[in-house]
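Step one of this worksheet: look at the structure below.
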Amino acid sequence: MSSLSQSPLSRNLAAIPRQMLMLLMVIGALVPIYFVVVTALKTPNEYIFNKWGLPSELTIENVGRLLTEGNHLRWLLNSLLISTISVALGVLVASLMAYGFARYTFPGKNALFIVVTSLLVLSPVVLIIPLFKTMVALHLQNTYPAAIVIYTGIMLPISTYLLTSFFKSIPPEIIDAALIDGCSSFRIFSQIMLPLSRPAVLTAAFTNWLYVWNEILIALIFLQDDKMRTLMAGLVLFKGKYTTDIPLTMAGVAIAIIPTFVLYLFGQQYFVRGLTAGAVK
């Protein structure tokens, strides 16, 4: 029986398994967030006897201790600085590369694009030793530029692939009309391609932000000074130092969640549009 001949009741019943699966996925995503938030608002003694329940009395003492006693505020600022500069620089370079791949013809174009996109399967772990030797030779170890350059390079393949696919979906007639009007290539890129590609550009920026914000290995190796660390790298060492004080650790995790949550809250419409951009012409 075709879907057109099914009754509304049959269609609703058929949708129940899918809706139940989606509900379980939502619960699975919200339970860790619930645990982090309620634990951060408890005292250590209350956590011992009431791990999953709501706190009997809300307290922000744990957050206050993190911001006043430790380096969490400095780690937060470091993460914001490194993430913002890395993402901005990475998206800018990737958009220029993608524009060239999408709109120009030159010798070796396809081979070069394959090389760039093939780097997607290369794990950053295998690059740690050569990158560390390079930074030591350049006297850039334990500096912000070292982390920013490394993060930018790691993000280039996925950003270039995403933006190239979107740039190719823009009708070439728009570019031809701009050329007839006397627009230069850079003006076409900056005033036509980028505004039309805003969903894809913001999607690339958001995914890159998530990667840089949550990355730990590179931050631990290339930012070894405690005051230079990012928030996630600092939390790893902090957790080892305060293993028994779970509420204090969860307060640090809650602080780390807030910027990403706010970013997604205000950019979710562009994120969804960017994921489907270029899928249908």
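The values are calculated or read from the model by the stated rules, or taken from the named source; none is laboratory data. This one's a predicted model, so the numbers in the text were calculated from it and none came from an experiment. Note that each Cβ is placed from the backbone with ideal geometry, even for glycine, and that neighbours are counted across all protein chains shown.
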Residue count, region 213-227 (criterion: among the aliphatic types (A, V, I, L, M) and surrounded by fewer than 22 Cβ atoms within 10 Å (Cβ to Cβ)): 4
Selection from region 117-128 of residues that are without any contact (Cβ under 8 Å) to a residue 60 or more places away in the chain, more than 16 Å from SER159 (Cβ to Cβ) and either assigned to a helix (DSSP H, G or I) or not assigned by TED's automatic domain parsing to the domain that holds TYR211 (or both): VAL126, LEU127
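Matching residues to (1) at pLDDT 90 or above; (2) surrounded by fewer than 17 Cβ atoms within 10 Å (Cβ to Cβ); (3) in a loop (DSSP other than H, G, I, E, B):
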| position | (1), (2), (3) |
| --- | --- |
| PRO145 | yes, yes, no |
| TYR151 | yes, no, no |
| ILE154 | yes, no, no |
| ILE158 | yes, no, no |
| LEU163 | yes, no, no |
| PHE166 | no, no, no |
| ILE174 | no, yes, no |
| ALA178 | no, no, no |
| CYS183 | no, yes, yes |
Subset of region 173-223 (residues that are among the charged types (D, E, K, R) and closer than 25 Å to ILE258 by Cα): ARG198, GLU215
Residues located in region 96-116, provided they are within 16 Å of PRO171 (Cα to Cα) and either in contact (Cβ under 8 Å) with a residue 24 or more places away in the chain or in contact with a Phe, Trp or Tyr (Cβ under 9 Å, 6 or more places away or on another chain) (or both): ALA98, TYR99, GLY100, PHE101, ALA102, ARG103
Residue count for region 47-88, restricted to those that are touching a Ser or Thr at 6+ places or on another chain (Cβ under 7 Å), assigned to a helix (DSSP H, G or I) and either closer than 28 Å to PHE206 by Cα or at pLDDT below 85 (or both): 5
